[in-house]
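Enquirer: I'd like to ask some things about the structure below.
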Amino acid sequence: MALVIMKQILDEATKSNYGVGAFNVNNMEQIQGIMKAAKEVQSPVIVQASRGALKYTSMYYIKHMVAAAVEDNPDIPIALHLDHGNSLQTCKEAIALGFTSVMIDGSLKEDSKTPTAFDENVEITKAVVEYAHRFGVTVEGELGTLGGIEDGVGSGIVKLTDPDEAARFIKLTGVDALALAIGTSHGAYKFKAQPTLAMDIISAVKSKCPATPLVMHGSSSVPPELIDIINEYGGRLEHTMGVPIAAIQEAIKLGVKKINVDTDGRLAMTGAIRKFFAENPSEFDPRTYFGAAREAVYRVVRGKMIDFGSAGHARDYEPISLEEAKMYYN
Ligand SMILES: [Zn+2]
């Protein structure tokens, strides 16, 4: 199986009403951990790379490590997605590299910090859609701004998505999927108390645009047990609240089909490595501690695939090729 376009993964999820996790990757162990989980529970998967990840891996490593994941898992639908593209140029580079999906985050200017006006967001998003669809590549846009900052992305200003604007945005730009600001936040330090998400925004957008899968960013749950492991073995992280699984499950029922998870994987890896070093002070073979980190990613991702409902859906459909997707758009 070649890489699958994200549109198909999300459209299938819409048909059967489940959510698909989009997991950020930067190295081989993360990719292997995610794929072990996907294979075991037979789940489609979205693997995503931020601009930070592309820089860290000098781009080519991401491309070829994900190609290896595809070769190693021929029965699992995998989409490779650019997380928070900040310009047409960045999206073009990802498409040239073989990504089957890109996000253009036009809610922020190219500096990934300054919020844009609606028209400005429409303009850049439309330009990316026009370009990407020529190649059959899926496009995710974003309207509204999240709290928190991660990987250098974020204005620190929360502006929840206006459902009427969202409907207009989808129509004007032709985006395949839309990230909403409903009260989630990027990064590990999300909330002091249990967050209340604006579920009514999801329902309102869904009723206006039933065919468009919606996306939740900043949706790590920050489980206390992952923070505890880090702190037990010498770390110093504050306890905070993430997005509870029950809230994500409700959002999925209402129309969210892509759930971005980065922080939980980071926490799991860090805890596993700290614990390994504490318990094995004389060990110096990197395979041992990176192996432990890989297992930790696997456990977290496996749990999400079950919780989001994507487990068991890997063989529901035959993947359509980029060529077929091109014909669909043009
Ligand atoms: Zn995000």
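Each reported figure results from applying straightforward, stated rules to the coordinates on display, with no laboratory input. Being a predicted model, the structure only gives us computed values, none of them experimental. Cβ atoms come from the backbone with ideal geometry, glycine included; neighbour counts cover every protein chain shown.
Enquirer: Would you work out which of 46, 163, 141 lies farthest towards the positive end of the dipole of the chain? Charges go on Cβ: Lys and Arg +1, Asp and Glu -1.
Expert: Final value for the positive-end residue is 163.
Enquirer: Pop a pseudo-label 7 angstrom from the Cα along the beta-carbon direction at both residue 165 and residue 208 and give the gap in nm to one decimal.
Expert: Roughly 1.0 nm, to one decimal.
Enquirer: What is the angle, in °, between the Cα long axis of helix 163-173 and the longest principal axis of the Cα atoms in the chain? Nearest 10 is fine, range 0 to 90.
Expert: Around 70 degrees separate the two axes.
Enquirer: Another question, then. Quick one: if the Förster radius is 22 Å, what FRET efficiency do residue 253 and residue 40 give, using the C-beta to C-beta distance and rounding to 0.05?
Expert: Working from the Cβ atoms, E equals 0.30.
Enquirer: Starting from the amide H of residue 138, placed 1.01 Å from N in the peptide plane, find each other amide H under 5 Å away whose residue is 5 or more places distant or on another chain.
Expert: The answer is 6, 7, 101, 102.
Enquirer: Let me ask another. Say a paramagnetic label sat at a point 7 Å from the Cα of residue 200, along Cα to Cβ; which residues of segment 219-259 have their backbone N under 17 Å from it?
Expert: Counting only backbone N, you get 251, 254.
Enquirer: Work out how much length residue 28 to residue 92 would gain on full extension: take 0.36 nm times their residue separation and subtract the Cα-Cα distance, in nm to one decimal.
Expert: 20.6 nm
Enquirer: May I have the pair-distance distribution P(r) for segment 1-154, computed from all Cα-Cα distances with 10 Å bins from 0 and rounded to whole percent?
Expert: 11, 41, 36, 11, 1
Enquirer: Please list, in chain and number order, the residues 5+ apart from residue 48 or on another chain whose amide H is under 5 Å from its amide H, with Hs placed from the backbone.
Expert: Close amide H contacts, sequence-distant or interchain: 23, 24, 25, 81.
Enquirer: With point charges of +1 on the Cβ of Lys and Arg and -1 on the Cβ of Asp and Glu, referenced to the Cα centre of the chain, which listed residue (2, 219, 291) lies farthest in the positive direction of the dipole?
Expert: 219
Enquirer: At R0 = 30 Å, how high is the FRET efficiency between residue 320 and residue 299 if r is their beta carbon distance? Nearest 0.05 is fine.
Expert: 0.40
Enquirer: Efficiency by 1/(1 + (r/R0)^6): what FRET value for residue 172 and residue 232, r their Cβ-Cβ distance, R0 = 51 Å, to the nearest 0.05?
Expert: Efficiency, from the Cβ-Cβ distance: 0.50.
Enquirer: Follow-up question, since we're still on this one. Mind putting a number on the dipole of segment 6-324 about its Cα centre? Charges go on the C-beta only, +1 for Lys and Arg and -1 for Asp and Glu, and I need it in Debye to the nearest 20.
Expert: My answer is approximately 200 debye.
Enquirer: In addition: Taking N as the number of residues in the chain, what is its alpha-carbon radius of gyration divided by 2.2 N^0.38 Å?
Expert: 0.94
Enquirer: Then there is this: Can you say what percent of the DSSP beta bridges in segment 6-324, counting only those with both residues inside, are antiparallel? Round to 5.
Expert: Roughly 10 percent of the beta bridges in segment 6-324 run antiparallel, per DSSP.
Enquirer: Got a sec to turn the phi values of segment 81-92 into Karplus ³J(HN,Hα) couplings, 6.51 cos²θ - 1.76 cosθ + 1.60 with θ = phi - 60°, whole Hz, x for Gly and Pro?
Expert: 10, 7, 8, 6, x, 10, 7, 4, 4, 4, 5, 4
Enquirer: Using all alpha carbons of segment 67-204, what is the percent of pairwise distances in each 10 Å bin, ordered from the shortest bin to the longest?
Expert: 12, 39, 34, 14, 1
Enquirer: Across segment 296-311, in residue order, what do the Karplus-derived ³J(HN,Hα) couplings come to in whole Hz, using 6.51 cos²θ - 1.76 cosθ + 1.60 with θ = phi - 60° and x for Gly and Pro?
Expert: Those phi angles translate into 5, 5, 3, 5, 5, 5, 4, x, 5, 4, 6, 4, 7, x, 7, 4 Hz.
Enquirer: Just for segment 1-146, what percent of DSSP beta bridges are antiparallel, to the closest 5?
Expert: Within segment 1-146, antiparallel bridges account for around 5 percent of the total.
Enquirer: Testing the spin-label approximation: label points 7 Å from Cα along Cα→Cβ at residue 158 and residue 284. State their distance in nm.
Expert: Roughly 4.8 nm, to one decimal.
Enquirer: Whole-Hz Karplus ³J(HN,Hα) for segment 206-211, in order, using 6.51 cos²θ - 1.76 cosθ + 1.60 and θ = phi - 60°, x for Gly and Pro?
Expert: Once rounded to whole Hz, the list reads 4, 5, 7, 10, x, 8.
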